[in-house]
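Got a structure for you, written out below as structure tokens; questions coming shortly.
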Amino acid sequence: MAHERLSARQYMILGFVAVCAPLGDTCLSRGMTRLPPITLAHPATLIAAVFTPWIAVGIALLIGFFASYLTALSWADLTYVLPATAFGNVIVALLSRFWLQEPISLERWTGILLITLGVGFVAQGPSLTERPTDGEQSFSPSKEPAVQLEQEQLR
Amino acid sequence: MIIPYPAPQPGVWAATAMIAAIVLTSTAGEVLTAAAMKSIGDLDEIRAHSGLKGAIRAVLTCPLFFAGVSFLALAFFALLFALNHLNLSLVAPASASLTLVTNAIAAKFFLKENVDRRRWTAAVLVCIGVYLLAH
């Protein structure tokens, strides 16, 4: 199946998708664990949580993620974009290993390997499902002459 | 100053319900958003023709987009709620890995995406990988 390769700019947008999501989630987690337990009886406390610094930074990063995610979805399949999101976890794990010098267990190295393999699998395939836009594309080339011949015989 | 406050851990069923709520709402949100973006067309091309304002207008005037964002907002608050009651080491891997598989299923049936063997393999590999990495 012939398909257009993504441009460098499109790969950069997928990179933004990958990096902003896990960083934003980490900020949210850090912010939420510092708050007292929130119950459904007082939902307004969830709204107040949005204005605490870590959660605000997390939300800013997630807005950046969402803008690039929407752009990516406009030219690629959901099942193509989602593994890119998951690859962000690998980037964060590698950053924490080589930048923050945090140890990574064998279990996590296995996780990194599996995600990288999965992303590699998807990235090699087409980024967008090809859909026939008009009637003529729904016929295979080998069938077309037969159809034309039948129509000529009918005339 | 905010003092860390350890929350009591809820039971298995409550934890399952919290994670299921995140998975279902985020799958619905992502599929609806993807459908919206496909109906709008290539945002890069729209921006090239009618500028950033035109691209933002194209997104904000699409009703499907608002349906998707509503579900994503529900998923976001379900995540905040769950993070307040459960450990991140449970919520993050469980919801992220399950969402990958439910999204692949939903993309095949609702978006009619060509989820071939390559993409199924990738969804399962990434699902296990995310679980191992975030656990």
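Could you work out the helix-only [θ] at 222 nm for chain B, with each DSSP H run of four or more residues adding -39,500 (n - 2.57) and the total divided by the number of residues, to the nearest 500 deg cm²/dmol?
So the calculated ellipticity at 222 nm is -28500 deg cm²/dmol.
Moving on to the next point. Of the chymotrypsin sites (Phe, Trp or Tyr not before Pro) in the range B:36-135, which ones lie in a loop per DSSP and count no more than 13 other C-beta atoms within 10 Å?
Answer by residue number: there is no such site.
Quick one: the Cα spread of the range B:12-134 along its three principal axes, in angstroms, biggest first?
51, 35, 24
Would you calculate the separation in nanometres between label points at B:Phe109 and A:His42, each defined as 7 Å from the Cα along the Cα-to-beta-carbon direction?
According to this spin-label approximation, the distance is 4.1 nm.
Next up: Determine, from the Cβ-Cβ distance of B:Asn87 and A:Glu102 and an R0 of 22 Å, the FRET efficiency 1/(1 + (r/R0)^6), rounded to the nearest 0.05.
In this case the efficiency is close to 0.75.
Which stretch or stretches of the range B:62-86 have amide N atoms under 11 Å from the point lying 7 Å from B:Ala17's Cα along the Cα→Cβ direction?
none
Here is a follow-up. Please give the average number of partner chain Cβ atoms lying within 10 Å of the Cβ of each residue in B:43-53, rounded to a whole number.
Partner-chain Cβ atoms within 10 Å, mean over residues of B:43-53: 2.
For the protein assembly as shown, I need the span (max minus min coordinate) of the C-alpha atoms along each principal axis, in Å, sorted largest to smallest.
Projected onto its principal axes, the Cα set of the protein assembly as shown covers 86, 44, 38 Å.
Moving to a separate point now. Taking each residue in A:84-93, count the Cβ atoms of any other chain within 10 Å of its Cβ, then average. What number comes out?
Per-residue shielding by partner chains comes out at 4.
Here's a follow-up. Work through the residues other than B:Gly129 whose Cβ is under 14 Å from its Cβ and net out their charges, Lys, Arg +1 and Asp, Glu -1.
In short, 0.
If you keep only loop residues by DSSP, which chymotrypsin sites (Phe, Trp or Tyr not before Pro) in the range A:1-75 have at most 15 other Cβ atoms within 10 Å of their Cβ?
When the chymotrypsin sites (Phe, Trp or Tyr not before Pro) of the range A:1-75 are filtered for loop state and at most 15 Cβ neighbours within 10 Å, A:Phe51 remain.
When Lys and Arg each count +1 and Asp and Glu each count -1, what net charge do the other residues less than 14 Å away from B:Leu43, Cβ to Cβ, add up to?
+2
Now, a different point. Which parts of the range A:62-89 would a label at A:Arg5 reach, counting a residue when its backbone N lies under 20 Å from a point 7 Å out along Cα-to-Cβ?
Label zone hits: A:75-77, A:80-81, A:84.
Please give the length that would be gained between A:Glu130 and A:Leu95 if that part of the chain were fully extended, namely 0.36 nm times their separation in residues minus their C-alpha to C-alpha distance (nm, one decimal).
Using 0.36 nm per residue and subtracting the Cα-Cα distance, I get 8.9 nm.
Read-outs: derived from the displayed coordinates by stated rules, not from any lab. Computed from a predicted structure; not experimentally measured. Cβ atoms come from the backbone with ideal geometry, glycine included; neighbour counts cover every protein chain shown.
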